[in-house]
Amino acid sequence: MKIALKRIAFLIVVVGIWQGIVALGIYPEIVIPPPSKVFFGMVDGFSDGTLIKAILNSFKHLFVGLPLAIMIGTAIGVLLAKSTQADETMGMYLISLQSIPSIVWVPFAILLFGLNESAVYFVVVLGGTFVMALNVRTAIHSVPGQMIQAARTMGVKGMKLFFKVEIPASLPHFVTGLRLAWAFGWRALMAGELLSNGPGLGYSLRFAMDFAQMEMVIAIIIIIGFIGATVDQLVFSKLERTVMKRWGLLKN
Amino acid sequence: MYLHIDQLAKSFPHEESGTWEVFSDVDLSIQENEFVSILGPSGCGKSTLLSMVAGLESISKGTIQLENEDVKTPGPDRGMVFQQPALFPWLSVIENVKFPLKHLSKQEQEERATKYLQMVHLSRFKGAYPHELSGGMQQRVAIARALAMDPKVLLMDEPFGALDEQTRHILHDELMKIWKETKKTILFVTHSISEAIKLSDRVVVMGTRPGRIIADIPIDIPRPRQRDDEKVIAKEREVMDLLEGEINKVLKEELQYENRA
């Protein structure tokens, strides 16, 4: 409770400073709108349904793109972890691909698919796939050797060893991979929607910019941050903590 | 002979010298229901030897036979307990013990797992998860899991090495009780002289560089053995004298290397 109070107090201070700057009247309202205007802009956006439609569309892109990224990433990760040959051939490139910011893929995707949703899906899939693959590879590599040896002394080998021991043993890293794939996928989605076509939160953001609606730009930035943090906290961090706790990697 | 090791050697490929030999010419015969410890300084290959009996390490030369059958791969006729409990954290205690029993009927699995958990006094914790148990309790689960397979030989690789002194003594007594109850043949690797003498029928002492067996000492002191028993102290001294030369050899080599550099 004390922590929540601290956080609310901090927010009040930030909004207060913001209101203060507006009150000084140095900047025109079109550049820095007062907090109240942003708030009512958000209320309007929700009540006329445009923001809700944008959010739902963004989630639609995620619900298609993220599972694809997770599946492809897991397949690549397992391949690289299990085959030294594959790892030596491609492992290095995976790291360089992961280091490319997803916004860089947007022009490529638009030229490839045109200004439509396919380009957005493409960027989301790329955004999540590489980080997932790297984490799955780490997950399988980090299974304790003694755990595998113990299983072997109990007569377990081959596919059974992989499914009954290696997969469950690597679950904590796998879940971390999921959380990162979501985080990277979410960033990639915003980049894709911003530069490509709508509907979606990113597209609404650019639309607001084109019409110089600063209050809407700020409102959407706040919504993007809020959704990002909420999904992370309520879904992925929770899942990660639950697994870590069961696996004994987290005390209390 | 029950477990028979004949002319066994282990070597690894080595960059400079071509091959690097861990040990060679190891002959060892162990009878059924015998408790044999392998004792030696680090680097003598005692753990490697045990892993070879388990089938986890390949044999470079020689043979290992268990009841006249060649050992080449791991199998449930040889249960192994490692220094770390190596339990599966996603399974409860009883599920861990049942893990090697999947070929049996559900009822048999339950009966066997319960029986061995009772033997290590952990039936109360059968629903707990490994991380909720202390290190000593986890190691007892690992022992129950190895025993549940009903192996012909129980292989133990410094199983109490990571535990505190107090817990170690308790587990020594428990192991003695289990050994009497199950009549298992136990091959026990340790670097602790007093542990080897307290537990074993025979102590096989290994030397290093090159790795080999330097002595095979029967311990004919009635059990339970007390630490302050004169016979125990005399045996400890005897083994200590044997090992001192070996440990000095390792030290000397390390110092020589430093002086050269």
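The values are calculated or read from the model by the stated rules, or taken from the named source; none is laboratory data. Everything numeric here is computed off the predicted structure, so don't read it as measured data. Reconstructed Cβ throughout: ideal geometry from the backbone, glycine too, with neighbour counts over all protein chains shown.
Only residues that are free of Cβ contacts under 8 Å to residues at least 12 places away in the same chain and not hydrophobic (A, V, I, L, M, F, W, C) were counted across the stretch A:193-244, and they come to 7.
Residues checked against (1) within 8 Å of chain A (Cβ to nearest Cβ); (2) of a type in the set (Ser, Thr, Tyr):
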| residue | (1), (2) |
| --- | --- |
| B:Glu69 | no, no |
| B:Pro76 | yes, no |
| B:Met80 | yes, no |
| B:Ala86 | yes, no |
| B:Ser92 | no, yes |
| B:Gln118 | no, no |
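Checking the stretch A:185-197 against the condition returns no match, with no residue being within 14 Å of chain B (Cβ to nearest Cβ) and crowded, with 16+ Cβ neighbours inside 10 Å.
The conditions of being among the aromatic types (Phe, Trp, Tyr) and either more than 10 Å from every other protein chain (Cβ to nearest Cβ) or surrounded by fewer than 18 Cβ atoms within 10 Å (Cβ to Cβ) (or both) are not met by B:Tyr129.
Against the conditions (1) in contact with a Ser or Thr (Cβ under 6 Å, 6 or more places away or on another chain); (2) within 14 Å of chain A (Cβ to nearest Cβ); (3) not in a loop (DSSP other than H, G, I, E, B), B:Ser37 satisfies every one except (2).
Exactly one residue out of B:Leu117, B:Leu91, B:Leu87 is part of a helix (DSSP H, G or I) and of a type in the set (A, V, I, L, M, F, W, C), and it is B:Leu117.
Matching residues to (1) part of a helix (DSSP H, G or I); (2) touching a residue at least 60 places away in the same chain (Cβ under 8 Å):
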site: B:Glu181; (1), (2): yes, yes
site: B:Ala196; (1), (2): yes, yes
site: B:Ile214; (1), (2): no, no
site: B:Arg223; (1), (2): no, no
site: B:Asp228; (1), (2): no, no
site: B:Glu236; (1), (2): yes, no
site: B:Met240; (1), (2): yes, no
site: B:Lys249; (1), (2): yes, no
site: B:Asn259; (1), (2): yes, no
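Within the stretch B:130-155, the set of residues being touching a strand residue (DSSP E or B) at 6+ places or on another chain (Cβ under 7 Å), part of a helix (DSSP H, G or I) and closer than 18 Å to B:Leu104 by Cβ comprises B:Ala146, B:Leu147. Please verify whether the stretch B:100-108 includes one or more residues that are surrounded by 15 or more Cβ atoms within 10 Å (Cβ to Cβ), under 23 Å from the mean Cα position of the chain (by Cα), more than 17 Å from B:Ser51 (Cα to Cα) and more than 8 Å from chain A (Cβ to nearest Cβ). The answer is yes; a qualifying residue exists.
No other residue among B:Glu254, B:Glu244 is out of contact with any helix residue (DSSP H, G or I) (no Cβ under 7 Å at 6 or more places or on another chain) and over 30 Å from B:Asp173 (Cα atoms) apart from B:Glu254. Looking across A:Ser118, A:Ser83, A:Ser36, one residue alone is surrounded by fewer than 16 Cβ atoms within 10 Å (Cβ to Cβ) and under 26 Å from A:Val143 (Cα atoms). It is A:Ser83. Against the definition (in a strand (DSSP E or B), hydrophobic (A, V, I, L, M, F, W, C), outside the structural domain of B:Gly161 (by the TED database) and more than 19 Å from the chain's Cα centre (by Cα)), how does B:Phe12 come out, yes or no? When the stated conditions are applied, B:Phe12 passes them. Does A:Leu97 fit the bill of being surrounded by fewer than 19 Cβ atoms within 10 Å (Cβ to Cβ), touching a residue at least 12 places away in the same chain (Cβ under 8 Å), among the aliphatic types (A, V, I, L, M) and more than 14 Å from chain B (Cβ to nearest Cβ)? Yes: the conditions hold for A:Leu97. Of all the residues in the stretch B:45-63, those that are more than 13 Å from chain A (Cβ to nearest Cβ), surrounded by fewer than 22 Cβ atoms within 10 Å (Cβ to Cβ) and not polar (S, T, N, Q) number 3.
Quick check: anything in the stretch B:123-141 at pLDDT below 95 and among the β-branched types (Val, Ile, Thr)? Within the stretch B:123-141 (the criterion being at pLDDT below 95 and among the β-branched types (Val, Ile, Thr)), the answer is no, since none of the residues qualifies. The one condition from (1) within 16 Å of the chain's Cα centre (by Cα); (2) at pLDDT below 90; (3) not assigned by the TED database to the domain that holds B:Ile193 that B:Pro41 does not meet is (3). When B:Ser51, B:Ser29 are checked against the criterion of being within 20 Å of A:Gln149 (Cβ to Cβ), of a type in the set (Gly, Ala, Ser) and outside any loop (DSSP other than H, G, I, E, B), a single residue qualifies: B:Ser51.
Of the residues making up the stretch B:163-199, those that are of a type in the set (A, V, I, L, M) and within 20 Å of B:Arg145 (Cβ to Cβ) are B:Leu163, B:Ile170, B:Leu171, B:Leu175, B:Met176, B:Ile178, B:Ile186, B:Leu187, B:Val189. One residue alone among A:Val143, A:Val156, A:Val175 is part of a loop (DSSP other than H, G, I, E, B), touching a helix residue (DSSP H, G or I) at 6+ places or on another chain (Cβ under 6 Å), at negative phi and within 14 Å of another protein chain (Cβ to nearest Cβ), and that residue is A:Val143.
Among all residues of the stretch B:226-240, there is none that is surrounded by fewer than 20 Cβ atoms within 10 Å (Cβ to Cβ) and within 17 Å of the chain's Cα centre (by Cα).
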